[in-house]
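The values are calculated or read from the model by the stated rules, or taken from the named source; none is laboratory data. Predicted model only: the values in this text are computed from it and were never measured. Here the Cβ is made from the backbone with ideal geometry for all residues, glycine too, and neighbour counts use every protein chain on show.
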């Protein structure tokens, strides 16, 4: 998932010239991995209600999908 994606980015990051974090406009791969692990850990204790079919159809319509 997202964690493994940013771990790959982190490995590639060492091949370029390092830019100090305070100059960067984006979080470092390390920061992103840490945050994703925290979010993943938090989500294990929660239950999620799937969308009702009505809600899903409403979302599809809002995104421009035509009715079948």
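Is it fair to say residue 14 is at pLDDT 80 or above and exposed (fewer than 10 other Cβ atoms within 10 Å of the Cβ)? Spell out the reasoning first.
Working: at pLDDT 80 or above: no; exposed (fewer than 10 other Cβ atoms within 10 Å of the Cβ): yes.
In short, no.
Are any residues in the range 31-51 over 14 Å from residue 4 (Cβ atoms) and not in a loop (DSSP other than H, G, I, E, B), and if so, which ones? Step through it out loud before you land on a result.
We begin by selecting, within the range 31-51, every residue over 14 Å from residue 4 (Cβ atoms); these are 31, 34-35, 38-39, 41-51.
Across the range 31-51, the qualifying residues are 31, 34, 35, 38, 39, 41, 42, 43.
Any idea how many residues of the range 54-63 are exposed (fewer than 10 other Cβ atoms within 10 Å of the Cβ) and modelled with pLDDT of 80 or more?
Going through the range 54-63 one residue at a time, the tally reaches 2.
Could you give every pair whose Cβ atoms fall below 8 Å, whose first residue belongs to the range 42-66 and is on the phi < 0 side of the Ramachandran plot, and whose second residue is part of a helix (DSSP H, G or I), counting only separations of at least 6 or pairs across chains?
Here the result reads 51/59, each pair linking the range 42-66 to a residue that is part of a helix (DSSP H, G or I).
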